[in-house]
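A quick write-up on the structure given underneath.
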Amino acid sequence: MGLIRSPSMRSGDYLEGMLSDYVGGKGKPKVHKSASARLVTALTCLQFAFAVYATFLLYYMSPAVDLRTKPDFTWATRIAKNWRQFIITSHVLNHYQEAASLVEAEIPPTTPSEICENEKIDFLQKKSNDAQMIKLKTELYQEILDFQSKSIGTETLNELMVMKSKWDLRGPNRPKVTVILNHFKRKTLCAQLDSLLHQTLPFHHVWVLAFGSPNELSLKRIVDSYNDSRISFISSSYDFKYYGRFQMALQTEADLVYILDDDMIPGRKMLQILSHVAGTEKYKNSVLGSIGRILPFRQKDFTFPSYRKFRSKEAGLYLPDPAYDITVKRIVQVDFLSSSWFLSAELVKTLFIETPFTFMTGEDLHLSYQLQKYRNAGSFVLPVDPNDKETWGDSEHRLAYVSETTVIFKDIVQVRDDQWWKALSTGYITQWAAMYPQKIDALFYAHSVDEVRALSPLLEKFRSTVGKKAYIVVSGGNFCPCEDAARALNWPKLVCKERRFKIFDLAIGTLSGISNSEVPVVQAVYSSMKGLVKIHNPSVVITVSDIDTNVKKALKMATETNSNGTTLVLLPKPSISKVLWMADLRSTALPNWNRMRISVNIITQNRVHSLERLLKSLSNAYYLGDEIPLSFNMDSRVDEATLRLVSSFEWPHGPKTLRRRIIQGGLIRAVSESWYPASDDDYGLLLEDDIEVSPYYYLWIKYALLAYHYDPQVSLPEISSISLYTPRLVEVVKERPRWNPTEFFKRIHPNTPYLHQLPCSWGAVFFPKQWREFYVYMNMRFTDDAKANPVQIPKSRTNGWQASWKKFLIDMMYLRGYVSLYPNFPNQASFSTNHMEPGAHISAKDNVVKHDKTDFEVPLLLEDFKPLLPNGKFPPASKLPSLNLFNQPVSLKGLKAAGAKLGQDVLRCDNATEIVTVDHQTGLPLRCSKF
C-alpha cells in the first residue's frame, strides 16, 4: 500500500521513524536519490551544530570558569548565551520541519480506491418452507394492510410521489438533509458514502461517527480520502452505543436527519423519496424507514407473547421479511423502525423527553414510542419498487435481522420484551391496540398507596362483577411503586411483571426524572393516560377527589381527548365504599355520571327548629363530590329566627340561594315556584322544612337516575319523579287504608322498588321535562274556584282537594300515564320522613282530616341500601312492578289507557288510544298521540 501518513500524527513522528530505520539497518526509505542527498546534508549540519553548541555549553556551565571575572572570554560568554536560544528555537526546528516537508512532499494523496476495504458478506437469504408459518404471516400482514387502508390509507410508491410536498427537490426550496452513519467494525463505510454521493437529491452533510470503535484510524483515513468538506468524521474513545447518534442529531442545522446503521446501503433515490414523503401534509409528523416491526398481538389466554416468539400469528411481523416472501409495496405503519430513521430535526428532541428504559438497547422502540406519546407521530416503512433497487432502503436487501435466521442473546430479548411491555402499559398504542380497541367499564388511577387502599373496595367490586372489566393505573416511581400497590390490593407481586392487563405502572419520576416543577408530572400522567384511555376506552376513569391538583388536571385532559366519551369520576374517600352499585350499572350509563345536576330546594317560613333538623340531615349525607345547589324559598311572613338561620348556614357542596316573596303566596305557590329546570339535566328536590332525610338519600337518587333514566338501553319515559318516601296509607281513598309494600310485593321480592302513579310531596326529586309540563298544566287549570276544575278521577278523594299543588300534579300524572319510582325497605324505612308538624295542612283549622303521626313518620334508612335490593342491585326496568293511583297493580300501558278513557286533559283526544303529548322544552301541549 506504500507509505501512508495519517494527518493525526506529528511530522516529527515520521522523521523519528525514518531515522530508526536507518539506525536499525532496515533498508532505505522509498524516496528519490536527490531527496536522500539533501536529507544526508541536513543531518550532517544538524550534527555539527549540536557539537558546537555542546562545546560552548560545557564551558559556560563549568564551576571553574567565572565568566564575570575573566574578560578574555567575554566573547565566549556572549556566544554561549545567544546560541543557546538560537540553535534550539530556530535552527534545529527549521531543520526538523524541512526534513518533514521533504518526506511529506514525496507521499502522493490517497484516494478512496486505494484505502477502502469493501466488506464481502456472503449472504444467502434463507427462505422458509414452513407452510403454516407462511400462511400465518401472510394473513396477518394482509389483515394489517386491510385495517390501515380503511383507517389511515396505504399508498404505493407512485401514489406517494405524486402527493404534494413542501420540498421542491429541483427548486429553491430544496431540503437540507444531514446523514448520520454510525460505524464500529463493519467495513461498509465506503459503500455507504459512494451511495450517498450519487443520490438524486444531494445531502447537506454526512457525519461519520466512531464511538469506541477499534477501527477509528482506518475509518478516519477513509473519510479524509474522500476530501469532501460536507463529510465529517466524529470520534470518541467512549462508546455512546445506540443513543449517541441521536444525541449528535440534535446539533444539526439541517431540516431533516437520516440516521443509518452500518449495514444499510441506500439506493440512490432514497434521499429524494424520503424527503418528498416527509414534506407531505400527511407524513410530515412521522419517522420514516425501510425496515420495521409490528409488536405481538394478544393471545387467547389474554397475555402477550415475546416479540421473538415464532410459529405464532400473535408474535407480530418483521417488515419486509424475505424469509416469508413479504415485500412492502404499500406504505405501512409499524410499531417501531429498525436500521434507518428519517425524520425532521425537530422530532429528534422527542427521543429524550423520558430517560430510556435502558441505554444498552432499544433505541428504535423508544424513539417510536416517544414520538407517538408526545407528538402523535407515527412510524412508517416506505414501499419499494421491486424492480428498481434505487428505491430500496438497503440496495442489497441484506436486512440486518431476519426472523428465521437471527440469534439474539436471551438477556437482550428479555430486556426488549420488558421495554415494549412497559411502553404498552404506559399508553403506547401499538398496531394491535389500534386494530382491536378494548372496551372496559372502569380505569382506576391512584397516585399514592393510600389512594390504592381507598379505591380497592370499588375496584374489587368491578372486577368481581360478571361481565365487568376494570384495571388500575398507579403512578409508580417514588410516588406509588407497583409492588406496594399490589400488596395493598392483596395481589401477588407477579402482576407487576406479567404481560397481562391488570395493573399499569407509569413509573413517573423514574423515567421522567425528579423535579420541583409540576410540569413533568402533569406531562407524564397526561400523555400516558391519554394513550391508555384510547386503548381501553373506559366508560369512567375513577380516582379520589382529593388527589393532587396537577394530577387531577392531567386526568381531566386525558379523559376529554377520548372521542368515545370517557368521564372522569372524582370520589371522596368516605363515599367510595357506599357506591359499590356503580359496578352494577351498564357501561353505557356510566359516562353520564357527571351529567345530572340535582338541586335541593327548601320551602320554609317560621319553623326554625324543624329547619335546623332538616339542614343537619342534609349536611350529614353523602354527595360523592358532586355540586349540589341549595335554595331557600321563603314566604313574605318568614320570621326573624329563620332568616338568621338561612343567612348563617354554610353549605360546602355548592352555591346557596335565598328567595323571599314580597306578597304572601301560600303553600301552593311556595312549592310550585320553588324550582324551575334550567336544562334537561337539571333535577329539583323539593323539601318542606318538617322533612328529614337519610344520609343515603342522594345515593338513591343518583343510582336511580343512572339505572333508569341515563342508560340508553332503558326506555322509561313514564317516570316523572323519584320519591325518597314510602307511604303507609292509600291516601286517595276515602277510608285511607294502611298499606305495606314489603308485604304486598313479597312474591316478587319484599324489597323491590316499584312504580306508582301517585307523586310524593314529602321528599321527591322531579324531572325537568315533566315539571315544565306541570307548570303549563297547572296554569291552564288553576282557578280560585276548585269546583270549576273539570278533572274528576273516579273514586278519588283528590277531586275535593282545593289548596294543593299536589292535586294538579296527580291529575296530570293520571291523565298522561306518568309514574314515580318509590323505595321499598323493611318497616317502610325510607330516605325521607315526615314529622307531621303543624303547618298549612297539618292541624289546619279548615282541615277536617285528623292525622295520626304514626301513619306518616317512617324510620330513616341509616344503612347502605344496596344489600337490601333484589340480588343487591336495582332490578331491570322491565321487572319493576307498577301501581295505579289506588295501589292496584296495573301495567304502564294500562295506566295510559285509564287516562285516555277519562278524556279530561287540556286537549280533547277523541280516540281512546291517544293521550296528550307536549313540547318538552316549553311544556306546551302539542297534539294527541297514540301510546
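Here is how the numbers come out for the structure above:
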{"item": "Filter result (closer than 20 Å to residue 715 by Cα and surrounded by fewer than 18 Cβ atoms within 10 Å (Cβ to Cβ)) within region 552-593", "result": "586, 588"}
{"item": "Filtered residues of region 145-179 (kept if closer than 28 Å to residue 248 by Cα, surrounded by fewer than 19 Cβ atoms within 10 Å (Cβ to Cβ) and among the polar types (S, T, N, Q))", "result": "173"}
{"item": "Residues within region 314-345 that are over 22 Å from residue 152 (Cβ atoms) and open to solvent by 30 Å² or more (accessible area, probe 1.4 Å), tallied", "result": "2"}
{"item": "Residue in region 126-142 that is most open to solvent (accessible area, probe 1.4 Å), counting only those that are more than 11 Å from residue 313 (Cα to Cα) and assigned to a helix (DSSP H, G or I)", "result": "142"}
{"item": "Single match in 146, 194 (criterion: closer than 27 Å to residue 232 by Cβ and of a type in the set (Asp, Glu))", "result": "194"}
{"item": "Candidates 742, 752, filtered to the one that is assigned to a helix (DSSP H, G or I) and within 25 Å of residue 699 (Cα to Cα)", "result": "742"}
{"item": "Complete set of residues in region 632-669 that are assigned to a loop (DSSP other than H, G, I, E, B) and within 49 Å of the chain's Cα centre (by Cα)", "result": "649, 650, 651, 652, 653, 654, 655"}
{"item": "From 209, 274, 201, 260, residue being closer than 18 Å to residue 348 by Cα, touching a residue at least 40 places away in the same chain (Cβ under 8 Å), touching a helix residue (DSSP H, G or I) at 6+ places or on another chain (Cβ under 9 Å) and open to solvent by less than 60 Å² (accessible area, probe 1.4 Å)", "result": "260"}
{"item": "Verdict on residue 598 being outside any helix (DSSP H, G or I), open to solvent by less than 20 Å² (accessible area, probe 1.4 Å) and more than 30 Å from residue 559 (Cβ to Cβ)", "result": "no"}
{"item": "Those residues of region 373-395 which are under 17 Å from the mean Cα position of the chain (by Cα) and in a strand (DSSP E or B), in sequence order", "result": "378"}
{"item": "Filtered residue count, region 783-835, keeping only those that are modelled with pLDDT of 85 or more and over 29 Å from residue 928 (Cβ atoms)", "result": "14"}
{"item": "Candidates 209, 145, 160, 193, filtered to the one that is assigned to a strand (DSSP E or B) and modelled with pLDDT of 95 or more", "result": "209"}
{"item": "Elements of type strands (runs of 3 or more DSSP E) contained in region 306-372, each with 2 or more residues being closer than 21 Å to residue 386 by Cα and aliphatic (A, V, I, L, M)", "result": "317-319, 332-334"}
{"item": "Those residues of region 211-247 which are closer than 14 Å to residue 193 by Cβ and touching a strand residue (DSSP E or B) at 6+ places or on another chain (Cβ under 6 Å), in sequence order", "result": "219, 220, 223, 230, 231, 232, 233"}
{"item": "From the options 220, 164, 176, 187, residue that is of a type in the set (Lys, Arg), in contact (Cβ under 8 Å) with a residue 40 or more places away in the chain and in contact with a Phe, Trp or Tyr (Cβ under 6 Å, 6 or more places away or on another chain)", "result": "220"}
{"item": "Residue match in region 532-547 (condition: outside any helix (DSSP H, G or I), within 17 Å of residue 570 (Cβ to Cβ), open to solvent by 60 Å² or more (accessible area, probe 1.4 Å) and touching a residue at least 24 places away in the same chain (Cβ under 8 Å))", "result": "yes"}
{"item": "Yes/no for residue 368 being more than 21 Å from the chain's Cα centre (by Cα), of a type in the set (Ser, Thr, Tyr) and under 23 Å from residue 242 (Cβ atoms)", "result": "no"}
{"item": "Within region 218-228, tally of residues that are assigned to a helix (DSSP H, G or I), more than 13 Å from residue 185 (Cβ to Cβ) and not β-branched (Val, Ile, Thr)", "result": "5"}
{"item": "Boolean, residue 297 is open to solvent by 20 Å² or more (accessible area, probe 1.4 Å), in contact (Cβ under 8 Å) with a residue 24 or more places away in the chain and either over 28 Å from residue 210 (Cβ atoms) or assigned to a strand (DSSP E or B) (or both)", "result": "no"}
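The values are calculated or read from the model by the stated rules, or taken from the named source; none is laboratory data. None of the values given here were measured: they were computed from a predicted structure. Neighbour counts run over all protein chains shown; Cβ positions are idealised from the backbone, glycine included. The accessibility values were calculated without ligands, DNA or RNA, using every heavy atom of the protein model including side chains. Shrake-Rupley method; radii C 1.70, N 1.55, O 1.52, S 1.80 Å.
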